Amino acid sequence: MAASRYRRFLRLCEEWPVEETKRQRDLGAFLRQRVAQAFREGENTPISDPEACDQMYESLVRIHTNFYKNKYPRLKDTTFTGVTVEDCRMVLATDILKQMEDMKKGTWKRLREKFSAKKPEEDLK
């Protein structure tokens, strides 16, 4: 029975898209990592709580298939602020977040990092 659960999780991982714009923060990549940890022995991995495993799988399938988005359709594809889904994706991209983080730094800190011979992480030690 563990073999079929393992194969179902693998199939879900294959179908789940990986967003390149969210490096190190992507749910698809995290899911793949957790499945690899949970099923270290592959199909031979003993499952201590099969009901919890099945429940986890069903929950992930509902997220992947947009079950609740389809069950409760929205009238508009924007938020109360008027921001669209594409705008949110763009703002949450890793590169944009890094740029925003750099903008938050003060001028003195940016200059010090630019001209400093050592890395900024070393300053914190």
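Taking TYR6, is it assigned to a helix (DSSP H, G or I), hydroxyl-bearing (Ser, Thr, Tyr) and surrounded by 14 or more Cβ atoms within 10 Å (Cβ to Cβ)? Spelling it out, TYR6 is indeed assigned to a helix (DSSP H, G or I), hydroxyl-bearing (Ser, Thr, Tyr) and surrounded by 14 or more Cβ atoms within 10 Å (Cβ to Cβ). What helices (runs of 4 or more DSSP H), lying completely within the range 14-98, carry at least 2 residues that are surrounded by 13 or more Cβ atoms within 10 Å (Cβ to Cβ) and out of contact with any Gly (no Cβ under 8 Å at 6 or more places or on another chain)? Where helices (runs of 4 or more DSSP H) fall fully within the range 14-98 and carry at least 2 residues being surrounded by 13 or more Cβ atoms within 10 Å (Cβ to Cβ) and out of contact with any Gly (no Cβ under 8 Å at 6 or more places or on another chain), they are 27-38, 50-64, 85-91.
Throughout, read-outs are computed from the coordinates displayed, never taken from laboratory work. These numbers come from a predicted model, not from an experiment. Here the Cβ is made from the backbone with ideal geometry for all residues, glycine too, and neighbour counts use every protein chain on show.
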